Every structure is written in C-alpha cells, then in structure tokens.
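Please read the structure below before turning to the comments.
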Amino acid sequence: MIARPSATWRAKARTALFGIEAPAPQVVLSPFTTVLEAVAPASSPAPGWWPRADAHGVTVVRVPQGSACLDAVLCLEPGTSVTFVGACGTLRQGGPSVVGAMVEADRAVAYDGTTGRRTWATAPIAPTVAVATARSLADSSAGHHRLDADCVDLETAWVLAGAAVAGCRARALLAITDGNREGAVFESDFGVVTEHLLRVARLALLPHSGSGT
C-alpha cells in the first residue's frame, strides 16, 4: 500500500528532487530528456537531484525509470495536475496499439498488484488502453505472454496510483515505440523513439488538453 508522506517530507523532497519547493500547478513527469528539452530547450540546469525545466506555466521533471518515479508524485501537494509522458510496448496487434501511435492509460496495474486509474478532468486526447507496469525491461520481455493488458511500461501504474494518494489529478500519455513481438523491447532506434516522444510532449501542452476545473 502506498502511504502519503508528511508535509515536512514533501517540502524537503520537492526542494531536493526538483530544486524548488513550489512547482507549477501543472507538472509533467517523464524519464526522457527529449520531453524536457521539448518544453524548455533553452533552460539552464536546475539545482535539484533530477533535471527540471519551467515554461508555459508548467514544471517538467525528468524522473528515473521504474518505481522511483513515485517519489516525484508523492511529494506534490493536493490539487496539482500531473501528466506523465512515457514510452511503452504494445501487447496487442491491431486497433490503436500500433507502433508510432499515441495512447492514454485508462488504468494500469503494476507487477505487485498496485493499481492506478486516470483521474484527469477533461476527456482523453488519445485512445485509452490498459497498461501493465513491469519491474524492468527484462521482465517485460520474459513475461510478456502473461501480461493481461494492451501495453506494457515501467512507470504508469506508479504515477496514477501515487497521484490518487497525493490528491492529484493525473493522466499518462504514452508513445508506443515497440511492438513487443516475442518480448522484443528495442525494436525502434533512438531517433524514431525521440520523434514519437516529441509528438506526445507537444500534445500534452496544448491548451485543450489542460486539467480543467
């Protein structure tokens, strides 16, 4: 079970991890530098443990891959709007789950059973999918045939479940970068992955995709 940290811990964590105690009301989290640079390409290095940029009324933080991204959500204050921008592999063939597509997680379940759901106030901006959040890329490859979901990644369940505990609205916008056939997760070269992520990052910042009221 995910527990909400104290107010003192949250303030210290924001200062240490983000380099600022008061991020913007809208926060974008991603494990990819590409997303950070898409939002604020000319930003100076932030003083926190994790790279951060502030632009367009949004605080963008490059978080670690996997469950450590949970700390970035749990240190936020209630009412913050959280968008996670990530990459995933498809576990289905056909429909919206094809390489190059953008999807939005409706729900996500981690390898330990931790479950999170989309709580964004406005309608999805991409087809919604169920996501399995794996322990590691190696695990997602070895056990892909047992995963009961549309897509697989390493973070979405932690972000959505953590946001519910933190009192934040959250969504996860994912670029499908691999077909995951026979467990493959490195099918797309870096340039292609970057292109997909940039498209998702730009859509995440459009005015119509805001958190609403």
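The values are calculated or read from the model by the stated rules, or taken from the named source; none is laboratory data. From a predicted model like this one, the values you see are computed outputs, not experimental measurements. Counting neighbours? That spans all protein chains shown, and the Cβs are built from the backbone with ideal geometry, glycine included. Heads up: the accessible areas ignore ligands, DNA and RNA and are worked out on the full protein's heavy atoms, side chains in. Shrake-Rupley method; radii C 1.70, N 1.55, O 1.52, S 1.80 Å.
For every other residue with a beta carbon closer than 13 angstrom to the beta carbon of P5, add +1 if it is Lys or Arg and -1 if Asp or Glu, then tell me the sum.
Taking every other residue near P5 into account, the sum is +2.
Net charge around L174, counting only other residues with Cβ within less than 9 Å of its Cβ (Lys, Arg = +1; Asp, Glu = -1)?
Surrounding charge for L174 is -2.
Determine the share of segment 1-99's accessible area contributed by carbon and sulfur atoms, expressed in whole percent, with a 1.4 angstrom probe.
In segment 1-99, the share of accessible area belonging to carbon and sulfur is 57 percent.
Just to be sure I understand: of the beta bridges DSSP finds with both ends in the chain, what percent are antiparallel, rounded to 5?
The answer is about 30 percent antiparallel.
Taking the simple approach of a point 7 Å from Cα along Cα-to-Cβ for both L203 and A121, what is their distance in nm?
2.2 nm
Treating only the Cβ atoms of Lys and Arg (+1) and Asp and Glu (-1) as charged, compute the dipole magnitude of the chain about its Cα centre; round to the nearest 20 debye.
Dipole size: approximately 540 debye.
When the Cα atoms of the chain are enclosed in a convex hull and the volume is divided per residue, what value in Å³ results?
Once divided by residue count, the hull of the chain is 104 Å³.
Let me make sure I get this right: for segment 80-165, a, b and c are the square roots of the gyration tensor eigenvalues over alpha carbons, sorted descending. Under 1.5 in a/c it's rounded, otherwise prolate if a/b > b/c, else oblate. Which is it?
Taking the square roots of the gyration eigenvalues as a ≥ b ≥ c, segment 80-165 is oblate.
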